[in-house]
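Following: one structure in structure tokens, then a few remarks.
Every number here is computed from the coordinates shown, using simple stated rules; none is lab data. These numbers were taken from a predicted model, which means no experiment stands behind them. Glycine gets a Cβ as well: all are built from the backbone with ideal geometry, and neighbour counts include every protein chain shown.
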Amino acid sequence: MAETDFPGWHGTTIIGVRKGGKVVIAGDGQVSLGQTVIKGTAKKVRRIKPGGMDVVAGFAGSTADAFTLLERLETKLEATPGQLARAAVELAKDWRMDKYLKNLEAMLIVSDGSDLFVITGAGDVLEPEHDITAIGSGGNYALAAGRALMGSDKDAETIAREAMAIAADICVYTNGNLTVETISG
């Protein structure tokens with residue numbers, strides 16, 4: 001099978017919701033290869049604690065690439081303690097410019113409880129306008145559902161869980177097996 005014929009890995013939906021002084025990042029557990037579910041219990045949301053700082057990160061894309069980026073983010077956070085925005089920008093700059101890193105295929109949602117960012121390989125560090133963001137194959141479904149729920153009296157975790165349930169009902173590359181991490185600002 002030629003590399004261009006490889007069906008690729010699919011199957012991630014990650015959502016980040018900031019409400020009521022908390023940020024919740026939730027991710028589904030499905031990994032698919034083409035039309036086949038390879039694993040339904042992957043953990044794509046992690047808590048990292050570089051230099052005593054508490055950060056939650058969710059990733060979409062290649063797992064090995066995402067872990068490489070998480071390690072780099074930890075290094076940047078250790079160099080800039082307590083400054084998630086600066087570390088995220090430094091990571092995005094390296095990711096875009098570094099010969100090795102620019103080939104990595106993943107995206108990250110990260111939060112320290114107050115800041116919430118999406119970091120991309122295009123050099124973007126994006127803060128959501130409506131305190132909610134989502135990435136991955138079901139990201140648009142989760143984002144739309146979450147935005148519809150933001151005006152309710154529901155808390156961040158409930159919004160994230162309900163938005164992910166809607167995404168799992170619509171996107172064949174998303175399941176309802178969630179990993180949910182909450183962090184306060």
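Results, tabulated for the structure shown:
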| read-out | value |
| --- | --- |
| Whichever aspartates and glutamates have a C-alpha closer than 20 Å to that of residue 22, once near sequence neighbours (fewer than 8 apart) are set aside | 54, 112, 115, 127, 129, 131, 153, 155, 157, 162, 181 |
| Segment 106-185, relative contact order [Cα under 8 Å, separation at least 6], % | 27 |
| Within straight-line cross-link reach of residue 102, aspartates and glutamates at Cα separation under 20 Å, skipping those fewer than 8 residues along the same chain | 3, 65, 71, 74, 90, 94, 124 |
| Alpha-carbon Rg with Dmax, taken over the chain, Å | 15.7, 52 |
| Qualifying GluC sites (Glu not before Pro) for segment 26-112 [loop in DSSP, other Cβ within 10 Å: at most 16] | 105 |
| Cβ-based exposure ranking for 48, 159, 25, in which fewest neighbours within 10 Å come first | 48, 159, 25 |
| Set of lysines with alpha-carbon distance to residue 43 below 20 Å, sequence-local pairs under 8 removed | none |
| Over segment 19-96, relative contact order from alpha-carbon pairs under 8 Å, at least 6 apart, % | 19 |
| Charge sum, other residues only, whose C-beta stays under 12 Å from residue 161's C-beta, Lys/Arg counted +1 and Asp/Glu -1 | -3 |
| Average Cα contact separation per residue, the chain, under 8 Å, 6 or more apart, as relative contact order % | 32 |
| Least to most buried among 172, 45 (fewest other Cβ within 10 Å first) | 172, 45 |
| Backbone N within segment 47-70 under 20 Å of label point (7 Å from residue 100 Cα along the Cβ vector) | 62-70 |
| Spatial separation of Cα centroids for segment 150-172 and segment 48-112, in angstrom | 26 |
